[in-house]
Amino acid sequence: MYPELPFESVKLPDDFEGLHFGLYVDHKLTGVVSLFHQGDIYQFRKLAILADVQKSGYGSKLMEYILNFCKIQNATKLWCNARVNAKEFYYKFGFQETEKTFFKDGYDFVVMEKRFTILA
Ligand SMILES: CC(C)(COP(=O)(O)OP(=O)(O)OC[C@H]1O[C@@H](n2cnc3c(N)ncnc32)[C@H](O)[C@@H]1OP(=O)(O)O)[C@@H](O)C(=O)NCCC(=O)NCCS
């Protein structure tokens, strides 16, 4: 995610309140994403695939997994702080841009969200 920074830099103060998913390829941790929620609103953070195997479909697998997970939890919304240069990736999964943008750690971010239809 930030390969140039120390491991400590990707730790979050509320990590113990989150759910952390790992994708393993041949027993090697290859992708990660963390999910946090307040009520039925979910946020994912720190989605990252190992640099040498990016664009091999693993990010999509993780995204599909957490989308299904959120549906099973009856989430109404899933949102993230998306790097602007990864926006296209999120469009593929039905995320929409909001008007909230910011700059942090050398990257431009935009808040993106996907709303779920609750089936009765
Ligand atoms: C962004 C990231 C999670 C995507 O995972 P991935 O395994 O590389 O993506 P996939 O192989 O599943 O890609 C699925 C599609 O999204 C596209 N895509 C992937 N990364 C993209 C990016 N950064 N920008 C635009 N499109 C992207 C792929 O080209 C592919 O398109 P296709 O279906 O038309 O072929 C991964 O590249 C990554 O870890 N990047 C560095 C960290 C990062 O940017 N994390 C996200 C922070 S918001």
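The values are calculated or read from the model by the stated rules, or taken from the named source; none is laboratory data. On a predicted model such as this, the values are computed, not experimentally measured, just so you know. All Cβ positions, even for glycine, are placed from backbone atoms using ideal geometry, and neighbour counts span all protein chains on display. SASA here: full protein model, heavy atoms, side chains in, ligands and nucleic acids out. Shrake-Rupley method; radii C 1.70, N 1.55, O 1.52, S 1.80 Å.
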Subject >> Nearby aspartates and glutamates by direct alpha-carbon distance to K11 (threshold 18 angstrom, same-chain neighbours under 8 apart not counted) >> reply: D105
Subject >> Calculated FRET efficiency for the pair E8/E97, C-beta based, R₀ 35 Å, to 0.05 >> reply: 0.70
Original post:
Roughly how many percent of the accessible protein surface of region 11-50 is carbon and sulfur, given a 1.4 Å probe and a whole-percent answer?
Top reply: 55 percent
Subject >> Size-normalised alpha-carbon gyration radius of region 17-120, reference 2.2 N^0.38 Å >> reply: 1.07
**OP:** Taking amide H positions as placed in the peptide plane 1.01 Å from N, state which residues far from T30 in sequence (5 or more) or on other chains have amide H under 5 Å from it.
**Re:** L23, Y24, V25
**OP:** Would you kindly state the longest site-free stretch of the chain, with sites defined as trypsin sites (Lys or Arg not before Pro) in a DSSP loop (not H, G, I, E, B) surrounded by at most 12 other Cβ atoms within 10 Å?
**Re:** 12-54
Subject >> Charge dipole (debye, nearest 20) of the chain; +1 at Cβ of Lys and Arg, -1 at Cβ of Asp and Glu >> reply: 340 debye
Original post:
Which pairs break 28 Å Cα to Cα here: K28/K104; K46/K100; K55/K77; K61/K114; K46/K71?
Top reply: K28/K104
Original post:
Rounded to the nearest 5, what % of the DSSP beta bridges within region 1-116 are antiparallel ones?
Top reply: 90 percent
